[in-house]
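To start, the structure itself, in structure tokens.
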């Protein structure tokens, strides 16, 4: 048994994705993720034919939706975890800006079911007050940081805010900048890395620069902030600001390794990757006393998706990364002009 709903697309709704439309017309218990499941199971017809969730509707299109009685739509099993602290820098009814601590996985995955940022967000907001654009197992998530990357992140409370923020990331209107310490001396003060990324065909756990149809465009620019002269056991270090124009998995880590300047402490693409020490247990204290990569999301600037207000946030280096810089400070060759400006402001 099922309930049936018919809807004619209005002029105002033209250009909307089918899954967004189905979730927005007021059918009880049909959230964004539930709409996706209905579409994928063939229970949504567009002009009497099945369609994909990404299909853009036109004014006058007829949408028929079949919803099983008692819904048969499984509820999310994301459990709240009240023990995980959240360092919230801004919050309103639409979104949250927070600083993620290193070591925290963003969303549930194999081996991490109730100890992630998502579990903490559910505890803080409640499951029904987080966006589902990324799926019911990733409520609130707009973008992600690697487990051992720290710093500023966005979370969304509504699907409308999440969709607009994701559009802002795709169109490069959201400005995301990172601080990273890399191996070796980078001679030019600025640079651009435009190299496509895909899963490494020889190791599916890694991302690599790959020239293939499966590779996605990836663009990173960088500015040198400070250089540190070579020591007896290293070739020196360079502190850089990286600016993401795309948001691929491990993008900064892979791009910097591609240039020959691996991110310090990176167990997957840094010096530890040249040994058999690929995991945290085997690669403790990889370099300069670090047990994670030196990568921190320090600046986030964007237009509020609902109010249009321009918002900018900066986040100082956490203690472990600052201690690394302090330990090599006597080897500094001086900050660049940009370095003086940026490091003096956070």
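The values are calculated or read from the model by the stated rules, or taken from the named source; none is laboratory data. As the structure is a prediction and not an experimental result, all values here were calculated from the model. Positions of Cβ are generated from backbone atoms using ideal geometry, with glycine treated the same way; all protein chains shown enter the neighbour counts.
Among the residues making up region 297-330, those that are within 22 Å of residue 230 (Cβ to Cβ) and buried (at least 16 other Cβ atoms within 10 Å of the Cβ) are 321, 324, 325, 328.
Matching residues to (1) without any contact (Cβ under 8 Å) to a residue 60 or more places away in the chain; (2) surrounded by fewer than 21 Cβ atoms within 10 Å (Cβ to Cβ); (3) within 21 Å of residue 19 (Cβ to Cβ):
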residue	(1), (2), (3)
117	yes, no, no
120	yes, no, no
155	no, no, yes
159	no, yes, yes
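Out of the residues in region 113-157 meeting the condition of being more than 17 Å from the chain's Cα centre (by Cα) and assigned to a loop (DSSP other than H, G, I, E, B), tell me which one is nearest to residue 297 (Cα to Cα). Among them, the one singled out is 115.
For region 122-136, a residue qualifies if it is more than 27 Å from residue 310 (Cβ to Cβ), free of Cβ contacts under 8 Å to residues at least 60 places away in the same chain and surrounded by fewer than 15 Cβ atoms within 10 Å (Cβ to Cβ), and the qualifying residues are 126, 128.
Quick check, is residue 269 under 25 Å from residue 340 (Cα atoms), in the same structural domain as residue 295 (by TED's automatic domain parsing) and in contact with a helix residue (DSSP H, G or I) (Cβ under 9 Å, 6 or more places away or on another chain)? So residue 269 fails the test.
Yes/no per residue for (1) in the same structural domain as residue 324 (by TED's automatic domain parsing); (2) closer than 23 Å to residue 141 by Cβ; (3) modelled with pLDDT under 95; (4) surrounded by fewer than 19 Cβ atoms within 10 Å (Cβ to Cβ):
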site	(1), (2), (3), (4)
200	yes, no, yes, yes
247	yes, yes, yes, yes
287	yes, no, yes, no
291	yes, no, yes, yes
295	yes, yes, no, no
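Being under 29 Å from residue 301 (Cβ atoms), touching a strand residue (DSSP E or B) at 6+ places or on another chain (Cβ under 6 Å) and in a helix (DSSP H, G or I) holds for only one residue in 261, 255, and it is 255. Once region 96-112 is narrowed to residues that are surrounded by fewer than 15 Cβ atoms within 10 Å (Cβ to Cβ) and free of Cβ contacts under 8 Å to residues at least 60 places away in the same chain, the residue that is farthest from residue 160 (Cα to Cα) is 111. Within region 208-224, does at least one residue satisfy the condition of being part of a loop (DSSP other than H, G, I, E, B), at pLDDT below 95, crowded, with 22+ Cβ neighbours inside 10 Å and touching a helix residue (DSSP H, G or I) at 6+ places or on another chain (Cβ under 9 Å)? Yes. The set of residues from region 330-346 being assigned to a helix (DSSP H, G or I) and either touching a residue at least 12 places away in the same chain (Cβ under 8 Å) or more than 22 Å from residue 187 (Cα to Cα) (or both) comprises 331, 338, 339, 342, 343. Each residue in region 6-52 was checked for being assigned to a loop (DSSP other than H, G, I, E, B) and in contact with a helix residue (DSSP H, G or I) (Cβ under 9 Å, 6 or more places away or on another chain), and 9 of them qualify. Here 232, 227, 204 are screened, and the one residue that is in a loop (DSSP other than H, G, I, E, B) and farther than 23 Å from residue 167 by Cα is 232.
A single entry from 85, 139 fulfils the requirement of being modelled with pLDDT of 90 or more and within 24 Å of residue 167 (Cβ to Cβ): 139. Does region 170-215 hold any residues that are free of Cβ contacts under 8 Å to residues at least 12 places away in the same chain and within 14 Å of residue 244 (Cβ to Cβ), and which are they? Answer for region 170-215, where residues must be free of Cβ contacts under 8 Å to residues at least 12 places away in the same chain and within 14 Å of residue 244 (Cβ to Cβ): 170, 171.
Identify, from the list 239, 192, the residue that is modelled with pLDDT of 95 or more, part of a strand (DSSP E or B) and in contact with a helix residue (DSSP H, G or I) (Cβ under 9 Å, 6 or more places away or on another chain).
Working: 192 fails: in contact with a helix residue (DSSP H, G or I) (Cβ under 9 Å, 6 or more places away or on another chain).
Just a single option satisfies the conditions, and that option is 239.
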